[in-house]
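Worksheet for the structure shown next.
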Amino acid sequence: MGKEWTVHNPGGSRRVIVTKQLPGNRWLDMLVAADCAVEVCESDDVLSVDEIKERIGDRCDGVIGQLTEDWNADLFAKLAAAGGTAYSKYAVGYNNVDVAGATAAGIPVGNTPGVLTETTAEMAVALTFAAGRRVVEADTFMRAGRFHGWLPTMYMGTRFYGATVGVIGCGRIGAAYARMMVEGFKMNLVYFDLYRNEHLEKFVDDYSQLLVAHGEDPVTCRRLETLEDVLRVADVVSLHTVLDDSTHHLINAERLAMMKDDAILVNSSRGPVVDEVALIEHCRTHPDFKAGLDVVEDEPDMKPGLVGLDNVVVVPHIASATVWTRQGMATLAGANVAGILQGYPLWQDDDVLPFLEGEAPQATPSIVNAADLGDL
């Protein structure tokens, strides 16, 4: 049975398909204002390449797609053949998008940075504490009616104050998580990134001086030479890398073995960054080790054995799931497609918040292959 689609502004001169219903209305208003007939898939099922091709049909000007879809070169060629000139992903990462294939087809690839940073970092913090303080275990215990009174040794977990937090990938989200853990819990920071984050280092140094001025112990920030150096010294390791060939199974059995026996591993980046089979085995054999996962390797499926581990907290890819953020992502995706179709130039500011309220700029917020396609 075919998927149900809702058509908005059916008389529009341009045709845009949106492969999932998106939150809010601002994104839709932008597309309607650009004279687009907007066709939205109402199904929660992941659309296959063939289903998307069928919906594109013989004429389609643009698409807003999802991180669950396989946007390969063939699909972009189909969109181009239908007259399409715009694509935006409803996400910041684009590991499921063949950007080179899109560029070869002349299709700009939009994404939605700048509205997920703090929200995603907050979820990484939540997972850190849920795992470290054994919140899910204790909640399950309580709901099962097994609590019969306070005990000195019941559900003892990790103390974060003054410990060492390690961040792998210190871009926007990784740096935001680092600041939250340092400023909120006075943790010392070590990080690994291909590039030094001078802004983050200055933040920690300034904060450390403030602590000393108020009679408290200083905190430190060090960029270590290797990923392995971070794994060996950190009490908590949070992953904030992109997913590509170099980061697939970045955390494997060998590297898990380098971590402290009672360390906490947090992944809010992409599932395949962690070898899930190796993680399951490590958590089985190291009961004091803990993990907090927003993503899994074979999303939506979990590897056998993961569900039975009490020392793993896993949630269904909800790191960006706040109303403000998800509506903001939709707005940016809509603005990308509407901007391209109206011939707007590329936005030249990292701050995308002007698109979220009031009169939006006459610009296209974020195109990842803009340099390869020339000026928009």
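The values are calculated or read from the model by the stated rules, or taken from the named source; none is laboratory data. Just so it is clear, the structure is predicted and the values come from calculations on it, not from any experiment. A quick note on method: Cβ atoms are made from the backbone with ideal geometry, for glycine too, and the neighbour counts reach across all protein chains shown. These accessible areas exclude ligands, DNA and RNA; they are computed on the full protein's heavy atoms, side chains included. Shrake-Rupley method; radii C 1.70, N 1.55, O 1.52, S 1.80 Å.
Quick check: anything in the stretch 324-334 without any contact (Cβ under 8 Å) to a residue 60 or more places away in the chain, under 18 Å from Ala91 (Cβ atoms) and part of a helix (DSSP H, G or I)? Don't jump to the end; show me each part of the working.
Step one: list which residues in the stretch 324-334 are without any contact (Cβ under 8 Å) to a residue 60 or more places away in the chain, which gives none.
No.
Counting just the residues of the stretch 323-360 that are under 18 Å from Asn25 (Cβ atoms) and among the charged types (D, E, K, R), which one comes out surrounded by the most Cβ atoms within 10 Å (Cβ to Cβ)?
Selected residue: Arg326.
So, in the stretch 111-128, how many residues would count as being open to solvent by 10 Å² or more (accessible area, probe 1.4 Å), in contact with a helix residue (DSSP H, G or I) (Cβ under 7 Å, 6 or more places away or on another chain), of a type in the set (A, V, I, L, M) and part of a helix (DSSP H, G or I)?
1
In the stretch 197-216, which residues are open to solvent by 90 Å² or more (accessible area, probe 1.4 Å) and not in a helix (DSSP H, G or I)?
Residue satisfying the conditions is His214 alone.
Sort out which residues of the stretch 276-316 are open to solvent by less than 40 Å² (accessible area, probe 1.4 Å), more than 18 Å from Gly166 (Cα to Cα) and touching a residue at least 60 places away in the same chain (Cβ under 8 Å), and write them in order of number.
Within the stretch 276-316, Asn311, Val312, Val313, Val315 meet the criteria.
Give the residues of the stretch 257-275 that are surrounded by 22 or more Cβ atoms within 10 Å (Cβ to Cβ), not in a strand (DSSP E or B) and not hydroxyl-bearing (Ser, Thr, Tyr), sorted by residue number. Even if it seems obvious, please write down each step before you answer.
Filtering the stretch 257-275 down to residues surrounded by 22 or more Cβ atoms within 10 Å (Cβ to Cβ) leaves 259, 263-270, 273-274.
Okay, now just the ones that are also not in a strand (DSSP E or B), so 259, 263, 268-270, 273.
Listed by number, the residues that qualify are Met259, Ala263, Arg270, Val273.
Got a sec? Which of Ser48, Ser43, Ser13 is loosely packed, with under 14 Cβ neighbours inside 10 Å, polar (S, T, N, Q) and closer than 28 Å to Asp298 by Cα? First the steps, then the outcome.
Working: Ser43 fails: loosely packed, with under 14 Cβ neighbours inside 10 Å; Ser13 fails: closer than 28 Å to Asp298 by Cα.
Only one candidate qualifies: Ser48.
Every residue, every condition in (1) surrounded by fewer than 17 Cβ atoms within 10 Å (Cβ to Cβ); (2) touching a residue at least 60 places away in the same chain (Cβ under 8 Å); (3) in contact with a Pro (Cβ under 7 Å, 6 or more places away or on another chain); (4) not β-branched (Val, Ile, Thr), yes or no:
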site: Glu69; (1), (2), (3), (4): no, no, no, yes
site: Phe76; (1), (2), (3), (4): no, no, no, yes
site: Ser88; (1), (2), (3), (4): no, yes, no, yes
site: Thr103; (1), (2), (3), (4): no, yes, no, no
site: Gly145; (1), (2), (3), (4): yes, no, no, yes
site: His148; (1), (2), (3), (4): yes, no, no, yes
site: Pro152; (1), (2), (3), (4): yes, no, no, yes
site: Met156; (1), (2), (3), (4): yes, no, no, yes
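Does Ala131 meet the test of being under 26 Å from Asp351 (Cβ atoms), in contact with a strand residue (DSSP E or B) (Cβ under 9 Å, 6 or more places away or on another chain), open to solvent by less than 60 Å² (accessible area, probe 1.4 Å) and not acidic (Asp, Glu)?
Working: under 26 Å from Asp351 (Cβ atoms): no; in contact with a strand residue (DSSP E or B) (Cβ under 9 Å, 6 or more places away or on another chain): yes; open to solvent by less than 60 Å² (accessible area, probe 1.4 Å): yes; not acidic (Asp, Glu): yes.
So Ala131 does not fit the description; no.
Return the only residue of Val190, Val219 being in contact with a helix residue (DSSP H, G or I) (Cβ under 7 Å, 6 or more places away or on another chain) and part of a loop (DSSP other than H, G, I, E, B). So that I can check it myself, show each step before the final result.
Working: Val190 fails: part of a loop (DSSP other than H, G, I, E, B).
Among Val190, Val219, only Val219 is in contact with a helix residue (DSSP H, G or I) (Cβ under 7 Å, 6 or more places away or on another chain) and part of a loop (DSSP other than H, G, I, E, B).
Which pairs have Cβ atoms under 8 Å, sit 6 or more apart or on different chains, and link a residue in the stretch 161-178 that is over 11 Å from Ala121 (Cα atoms) and of a type in the set (Ser, Thr, Tyr) to one that is assigned to a strand (DSSP E or B) and open to solvent by less than 10 Å² (accessible area, probe 1.4 Å)?
Hits for this filter: Thr164/Leu189; Thr164/Val190; Thr164/Val236.
Answer yes or no: is there a residue in the stretch 364-374 that is in contact (Cβ under 8 Å) with a residue 24 or more places away in the chain, open to solvent by 50 Å² or more (accessible area, probe 1.4 Å) and assigned to a strand (DSSP E or B).
No; the residues of the stretch 364-374 include none that is in contact (Cβ under 8 Å) with a residue 24 or more places away in the chain, open to solvent by 50 Å² or more (accessible area, probe 1.4 Å) and assigned to a strand (DSSP E or B).
Please go through the stretch 276-299 and give me each residue that is within 30 Å of Glu118 (Cβ to Cβ) and in a helix (DSSP H, G or I), ordered by number. Show your work before the answer.
Within the stretch 276-299, the first condition is being within 30 Å of Glu118 (Cβ to Cβ), and the residues that meet it are 276, 279, 283, 289-299.
Those that are within 30 Å of Glu118 (Cβ to Cβ) and in a helix (DSSP H, G or I): Glu276, Leu279, Cys283.
Residue by residue through the stretch 222-250, note down the ones that are in a loop (DSSP other than H, G, I, E, B) and among the hydrophobic types (A, V, I, L, M, F, W, C).
Quick first cut of the stretch 222-250, residues in a loop (DSSP other than H, G, I, E, B) only: 224-226, 234-235, 240-250.
Across the stretch 222-250, the qualifying residues are Leu224, Ala234, Val242, Leu243, Leu250.
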